[in-house]
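*Asks:* Just passing along the structure, written as structure tokens.
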Amino acid sequence: MAGIFAELLQLPRVGADDDFFDLGGDSIVSVQLAGRARKLGLVLTPRDVFRHRTVAALAACAGSTAGEAAGAAPADDGVGPLPLTPVMRWSAGRHRRVFHQSMLLQVPAGLERGQLTDVLQRVLDRHDALRLRVADGAATVRPPGAAADRLLRTVALPDGSTGTAADALVERERAAAGERLDPAAGELLQAVHLDRGPRRPGLLLLVAHHLAVDAVSWRILLPDLAAAAQGQELDPVGTSLRRWRGCSPRRRGSPGGGANSTTGPRCWPGPTRC
């Protein structure tokens, strides 16, 4: 458990009585901690992390996946109707493509379309929110296997394109990808590979509807994307979106804000570096 703390919080070592949140942990990292623990055979929930905040307390309360399998209820595959979240109700009737966020990543030179499609497919299959369909006052989580190839566009970035010209192309593609988003059709993610050829690292532009991501969601999505690109096994999903929504309390108020984009690019961890 101490090793998981140290890895996720990027610390050289962690003591048995160190508090997860005092060390810099937060709700997003608590989700990652629960997933990492499950991968090692320990059963924890993010709620456990809030209740038992130290290494020793969490280690004492953690169950075993072996014991869980013996008497557990059938696994929740997360597929099917989803009660509308507050942001879904708030966005009903508004322009379907307005609210989105984007991320620009640097990817290895010579990345082939099939490789990138496989990576995107693994991330789509893991994250229920990316497979949402929201239409006519109802939401549905579609089964894994939605074709990632449909959401990927490849654009050649001319050799030597830098500065203003490259930035202008990225902005055009960002705007066009936002227009292709369509929650009613289940299109909540678009990807554009800006290919610089076999010798220069390319760029990957991800544009996601705000129904599927928010500012902190990228902290989970991007590590999963990097892990998939490196052929690693993704952390298991402890709680599906449908199960979470069924357990979450109703909250008053309406979310605010509009389209957001990040400045970049960030790195796709691997052979290349920014």
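The values are calculated or read from the model by the stated rules, or taken from the named source; none is laboratory data. Everything quoted here is computed from the prediction, not taken from an experiment. All Cβ positions, glycine included, derive from the backbone under ideal geometry; neighbour counts span all protein chains shown.
*Asks:* For the range 126-155, what are the residues that are under 23 Å from E173 (Cα atoms) and in contact with an Asp or Glu (Cβ under 9 Å, 6 or more places away or on another chain)?
*Replies:* Correct list: R131, A146, A148, R150, L151, R153, T154, V155.
*Asks:* Do you know which of the residues in the range 135-151 that are within 19 Å of the chain's Cα centre (by Cα) and over 27 Å from Q32 (Cα atoms) is surrounded by the most Cβ atoms within 10 Å (Cβ to Cβ)?
*Replies:* Ranking the qualifying residues of the range 135-151, first place goes to D149.
*Asks:* Within the range 107-121, work out how many residues are buried (at least 20 other Cβ atoms within 10 Å of the Cβ) and of a type outside the set (V, I, T).
*Replies:* Count: 3.
*Asks:* Any chance the range 210-223 includes a residue that's outside any loop (DSSP other than H, G, I, E, B) and in contact with a Leu (Cβ under 6 Å, 6 or more places away or on another chain)? Before the answer, list the steps.
*Replies:* Filtering the range 210-223 down to residues outside any loop (DSSP other than H, G, I, E, B) leaves 218-223.
Then drop every residue that is not in contact with a Leu (Cβ under 6 Å, 6 or more places away or on another chain), which leaves none.
No: the range 210-223 contains no residue that is outside any loop (DSSP other than H, G, I, E, B) and in contact with a Leu (Cβ under 6 Å, 6 or more places away or on another chain).
*Asks:* Moving on to the next point. Which one is nearest to D128 (Cα to Cα), of the residues in the range 195-224 that are of a type in the set (K, R) and over 12 Å from the mean Cα position of the chain (by Cα)?
*Replies:* So the first thing to find is which residues in the range 195-224 are of a type in the set (K, R), and the list is 196, 199-200, 219.
Remaining after also requiring over 12 Å from the mean Cα position of the chain (by Cα): 196, 199-200.
Numbers: R196: 32, R199: 35, R200: 34 Å.
Among those that are of a type in the set (K, R) and over 12 Å from the mean Cα position of the chain (by Cα), it is R196.
*Asks:* Determine which member of the set L44, L23 is at pLDDT 85 or above and of a type in the set (A, V, I, L, M, F, W, C).
*Replies:* Selected residue: L23, the only one of L44, L23 that is at pLDDT 85 or above and of a type in the set (A, V, I, L, M, F, W, C).
*Asks:* Here's something else I'd like to know. Can you name the strands (runs of 3 or more DSSP E) wholly within the range 103-185 that have at least 3 residues being outside the structural domain of H209 (by TED's automatic domain parsing) and more than 13 Å from L205 (Cβ to Cβ)?
*Replies:* Passing ranges: none, list empty.
*Asks:* What number of residues within the range 63-85 satisfy the criterion of being farther than 20 Å from L181 by Cβ, outside any strand (DSSP E or B), at pLDDT 65 or above and of a type outside the set (G, A, S)?
*Replies:* Going through the range 63-85 one residue at a time, the tally reaches 3.
*Asks:* Return the pairs, sorted by first residue and then second, in which the second residue is in a helix (DSSP H, G or I), the first residue lies in the range 214-240 and is closer than 22 Å to A109 by Cα, the beta carbons are less than 6 Å apart, and the residues are 6+ apart or on different chains.
*Replies:* D224/V123; L225/V123; A228/V119; A228/R122; A228/V123; A229/V119
*Asks:* State which residue is farthest from the chain's Cα centre (by Cα) when the search covers only the range 1-47 and only residues that are of a type in the set (K, R) and assigned to a helix (DSSP H, G or I).
*Replies:* Only one residue tops the list, namely R47.
*Asks:* D128 passes all but one of (1) surrounded by 12 or more Cβ atoms within 10 Å (Cβ to Cβ); (2) within 24 Å of V43 (Cβ to Cβ); (3) at pLDDT below 90; which number fails?
*Replies:* Going through (1) surrounded by 12 or more Cβ atoms within 10 Å (Cβ to Cβ); (2) within 24 Å of V43 (Cβ to Cβ); (3) at pLDDT below 90 one by one, D128 breaks only (3).
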